[in-house]
Every structure is written in C-alpha cells, then in structure tokens.
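Please treat every number below as a calculation from the coordinates, not as lab data. Because the structure is a prediction, the values reported are computed rather than measured. As a convention, Cβ positions derive from the backbone with ideal geometry for all residues, glycine included, and neighbour counts pool all protein chains shown.
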Amino acid sequence: MTDGASEERIDDEASDEQLGDEVEAGREVESDDVDSAVEEITDQIEGAEPTVELVAEAVLFASDEPLSADRLAGIVGAGTVKDIRKCIENLNEKYEAGNFTFRIEQIAGGYQMMTLGRYNHWLKKLLRARTDTKLSQAALETLAIIAYKQPVMRADIEAIRGVAAGEVIRGLMYKGLVKIVGRAEVLGRPMLYGTTRRFLEVFGLNTLKDLPKVEELKKPE
C-alpha cells in the first residue's frame, strides 16, 4: 500500500470516529426520551380493565390496514357491530376532548387510526427518515460482513468484498446501523466496526445471537 493510500485511510478513520461520536450522542438522548415515554404510558394503563372499547382501540392502534366493524368485533371477541361503532364514536369524542393528534377514520369500508392532517408537515420528515434507512446492495453486503465478523477492521471488509468500503461504512454509520467499537491491536491500531442497537431494531432481532446461521443462508443444492 502506498503512503498516500495510508494517509487517506487514516483521514477516513478520523472522520469515522468523529461521526461515530456524534451519532452515539444523538442515540443516547433518543433512548432516554423513549424510556421516559414508555414509563409514562405504563403508569397510565396499569390497573385498567380490558373493556371492549379499550381492546378495540388497541387492535386499531396495532393494525396497519383498515378493519371493518364486523372483523373488529370478531377480533375483540365481544360485542356486536353496533357496539363496536359506538365504541369508535366514544373514542373519537375522547380524542377530540383531549386534543389528541389522531382520530379513528373510515377508510375503504373499514376503520383505521389516522393522524390529523395538520401534522402532515412533520410526518413527511419521518417518512423521509425511514426512506434514509433503505440500503443499497453494497451497503447490505458490507453490513452483513460487519454483523457476522464484528469487531472487524475496514481492511478485512475490503479484502472480503474486493472493493473500497470507506464511503459505504460512513453511510451505515450515518444511518445509525454501524459504530466504532474499538481499535485493533495491530500496527497503526485501525478502527474496529460493529453493529448498533438500531441495527437490531431495523432487522427485528433481540440479540446478535438471533442472526441466521451462515449454513441457513446457503442456497439449497
């Protein structure tokens, strides 16, 4: 490797370290906010009896598609279609009185919990943030190597993929999926990369032990 290439890698790793510090600081604040919100909600619902109205609300909250009154009554397992419609009416009255940011709306012949239109400006930012988590093939390959080989050096990632990985790694760090986890005990002490808690959330994993075994990923003969 030439001196120029070595200097470029050192500069890249310094930039990665700074980016890692900034991302981790943001994650800590975000985690504290989520924990506080969960505790507040838990305090509010403890001791609440699961009435038809509350169960219907929970089902609608969890559903990503409209549910007809008939289907909703079937899921709840109690009450009639008329009862369900009355529950929805009561819930909407409660939401309006409490100045909630959402309502239960009739969509395509069913009911769905929807955020009020006045908040679209901020919701568009959320949708853009979700779009930012989409990964290219190169990013997926790099992320897979880091997930299975961590802690891993950039040089090892590049040796496996056969191409430079600096920009891809920085992109994964920016998305909060990868972080710097230390330095290798070799000449130059290069950065070691690993996955984050955000990585587990995005891919629906509890721990890294839940990653599919390499044997399971092989194509059947």
Separation between the residue 124 and residue 89 pseudo-spin-labels, each 7 Å from Cα along Cα→Cβ, expressed in nm?
-> 3.7 nm
Quick one: Debye curve from the alpha-carbon atoms of the stretch 64-221 only, equal weights, vacuum; give me log10 I(q)/I(0) at q = 0.10, 0.11, 0.19 Å⁻¹ to two decimals.
-> -0.63, -0.69, -1.13
With a point put 7 Å past each Cα toward its Cβ, work out how far residue 211 is from residue 75 in nm, to one decimal.
-> 3.5 nm
Can you give me the Cα centroid spacing of the stretch 155-221 and the stretch 48-79 in angstrom?
-> 41 Å
Kirkwood-based Rg to Rh ratio, the stretch 132-213, C-alpha trace | 0.95
Using mean Cβ contacts within 10 Å as the protection proxy, how do 95-105, 69-79, 170-180, 139-149 order, highest first?
-> 170-180, 139-149, 69-79, 95-105
Can you pull the one-decimal nm distance between simple spin-label points at residue 149 and residue 187, each 7 Å off the Cα toward Cβ?
-> 2.0 nm
Under the Karplus relation with 6.51, -1.76 and 1.60 and θ = phi - 60°, whole-Hz ³J(HN,Hα) for the stretch 157-171, x at Gly and Pro, equal 4, 5, 5, 6, 7, x, 9, 5, 10, x, 5, 5, 4, 4, x
